[in-house]
Amino acid sequence: MRGRYLLAESLGVFGGSLAFTGLGLLLGLEGTTWTLALLAALPYLTLPLDLLAGLLLDRLDRRTLLLAGVWLRAGILGLFALLPKEPLFLLPLAFLFQAVLALDLPAWHALLVRLAQGRLEREGGRLQAAQLLGDGLGDLLAPPLLLLAKPLPFALGGLLLAGEGLLLRDLPAYPPPRAAKGEGFTLRALLAGLAFLLEDRRLLPLTLYALALSFLSGLALALLPLLALAQETPPALYGLYPLGLSLGGFLGSLLAGKVGPWLGIWGGHGLRVLGLALLLLPFPFGPLGAFLAGMGGALGGVHLRAYRQRLAPEALLGRVQAGAVALLSSGSLLGTLLAGGLGTLGPQVPLLTALLGLLLLLPLALGPLGCGRLLALREGRSP
């Protein structure tokens, strides 16, 4: 995969992160809690659109859809910069941005099957690292830019997305397979990717394991600010926790292509457990724990996604990738909601519950997700 494409995606994520971090701060300065809550819920409100995005990716040229989404999001951020900074205008545009963004991840994951040429873990890790780098830069630079001038993070974000579109102009075409063109736009066709994830016997244990990880990660990290403060972290240094997650995810993504599937998945699992356990210790162990948890999550996530990319039929490739995004996001949402309930007993309770769940998953390493089975699936053999 060409470095130009990685730079392009990093710029695009940087632009989106500038805009949404700036928007969160802008709404926070206004002091309206309901608008902040609605903004946080937007990624989950667009989950049905993830499934629609997958259906479109299996019907139309995937390169064309990716580029159309990039240019549409650039235009939306331009409107952000020009319109009055009122929730009445900003929140509908934010929802539209998230709806178009539903095309981005599944399109890249489908395109990687062609661009990576058999190196899915390595190239998938590089792509994820580029995305995390752009996201971290946006989180860092959005607040000072917003305080300098309110339209600035939105205008710059739009320009960065436009830059991504220009850099991606020579992406190779990726037309849909003929088998997909014969299907109608039915509910069955819409849900076919999800059905494959849950019915294919080779992929089902990996799917359920990934879903459990998403749920437990949401449960463990939903109350991270409260947990950090309870562990005597100075409020001014709380930023080290999200920074640790981002840096760990960046390094874990790059490491994914250098290790095999068993070490990638179960080594990542061990790093996640160790990192989350360190969050229970007083500062400064917490940021180190966030770093290890982020590294483990990224390392295992790249390998799990590579199996979905390899095992999905060509005619279902877009829908399987989009269905996985929707399914795993739903797991994270449920974990976050449960953390809100358990957190009334103390900020450590959701994290302890998640750690117990992660330990209960370990027998899978000796059974359906053992080393031999993972290697056989990776090589296309029956386990």
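For the stretch 92-106, backbone nitrogen atoms closer than 19 Å to the point 7 Å from PHE185 Cα along Cα-to-C-beta are found at 99-104.
Spin-label model, LEU204/LEU337: points 7 Å from Cα along the beta carbon direction are separated by 2.6 nm.
Relative to the Cα centre, the charge distribution of the chain, modelled as +1 at Lys and Arg Cβ and -1 at Asp and Glu Cβ, gives a dipole magnitude of about 1080 debye.
For the pair ARG169 and TRP71, label points projected 7 Å from Cα toward Cβ lie 1.1 nm apart. Under 5 Å from the amide H of GLY370 lies no amide H of any residue 5 or more positions distant or on a separate chain, with H modelled from the backbone and absent for Pro and chain starts.
Build a GNM of the chain with springs between Cα atoms under 10 Å apart, and of ARG126, ARG188, ARG73 the one that fluctuates most is ARG188.
Find which of LEU56, PRO175, GLY341 sits farthest along the positive direction of the dipole of the chain, computed with +1 on the beta-carbon of Lys and Arg, -1 on that of Asp and Glu, about the Cα centre. The listed residue farthest towards the positive side: PRO175.
Each of TYR307, ILE265, VAL325 was scored by the projection of its Cα onto the charge dipole of the stretch 227-383, and the greatest displacement toward the positive side belongs to TYR307; charges sit on the C-beta of Lys, Arg, Asp and Glu. The Cα center of the stretch 58-86 and the Cα center of the stretch 252-285 differ in position by 35 Å. Taking Cβ atoms as reference points and 15 Å as the exclusive limit, the residues near ALA155 contribute a net charge of +3, counting Lys and Arg as +1 and Asp and Glu as -1.
Send over the semi-axes of the stretch 156-218's equivalent ellipsoid, whole angstrom and largest first, taken as the square roots of 5 times the C-alpha gyration tensor eigenvalues.
On the way: eigenvalues 194, 109, 28 Å².
They are 31, 23, 12 Å, listed largest first.
Here the stretch 44-157 exposes an accessible surface that is 74 percent carbon and sulfur, computed with a 1.4 Å probe and the other protein chains kept in place.
Calculated FRET efficiency, GLU86 to LEU47, Cβ-Cβ distance, R0 = 22 Å: about 0.25 to the nearest 0.05. Our summary gives the chain a relative contact order of 26 percent, counting only alpha carbon pairs under 8 angstrom and 6 or more residues apart. Here the Karplus relation 6.51 cos²θ - 1.76 cosθ + 1.60, evaluated at θ = phi - 60°, turns the backbone of the stretch 133-149 into coupling constants of 4, x, 5, x, 5, x, 4, 6, 9, 4, x, x, 5, 5, 5, 6, 6 Hz, with x for every Gly and Pro.
Over the chain, accessible surface divided per residue gives 42 Å², non-protein components excluded, 1.4 Å probe.
Calculate, in nm to one decimal, what LEU360 and GLU314 gain on full extension: separation in residues at 0.36 nm each, minus their alpha carbon distance. Numbers along the way, then the final one.
Details: separation 46, 0.36 × 46 = 16.56 nm, distance 3.46 nm.
Result: 13.1 nm gained on full extension.
For the stretch 89-131 versus the stretch 288-358, the inter-centroid distance based on Cα atoms is 17 Å. Comparing LEU342, LEU111, LEU55 in a Gaussian network model of the chain, where Cα atoms under 10 Å apart are tied by springs, the biggest mean-square fluctuation is seen for LEU342.
Give me the net charge for the shell around GLY301: Cβ to Cβ below 13 angstrom, other residues only, Lys and Arg +1, Asp and Glu -1.
Working: positive: ARG272, ARG305, ARG308; negative: GLU121.
Surrounding charge for GLY301 is +2.
For the stretch 57-68, the Karplus equation 6.51 cos²θ - 1.76 cosθ + 1.60, evaluated at θ = phi - 60°, returns couplings of 5, 8, 10, 10, 4, 5, 4, 4, 5, 4, 5, 4 Hz by residue, with Gly and Pro reported as x. Annotation: peptides 314-323, 57-66, 144-153, ranked by per-residue average of other Cβ atoms within 10 Å with the highest first, follow the order 314-323, 57-66, 144-153.
Summing Lys and Arg as +1 and Asp and Glu as -1 over all other residues whose Cβ lies under 15 Å from the Cβ of LEU168 gives a net charge of +2.
The values are calculated or read from the model by the stated rules, or taken from the named source; none is laboratory data. Here the structure is a predicted model, which is why all the values come from computation and not from measurement. When we count neighbours, we look across all protein chains shown, and the Cβ atoms used for this are built from the backbone with ideal geometry, even at glycine. Heads up: the accessible areas ignore ligands, DNA and RNA and are worked out on the full protein's heavy atoms, side chains in. Shrake-Rupley method; radii C 1.70, N 1.55, O 1.52, S 1.80 Å.
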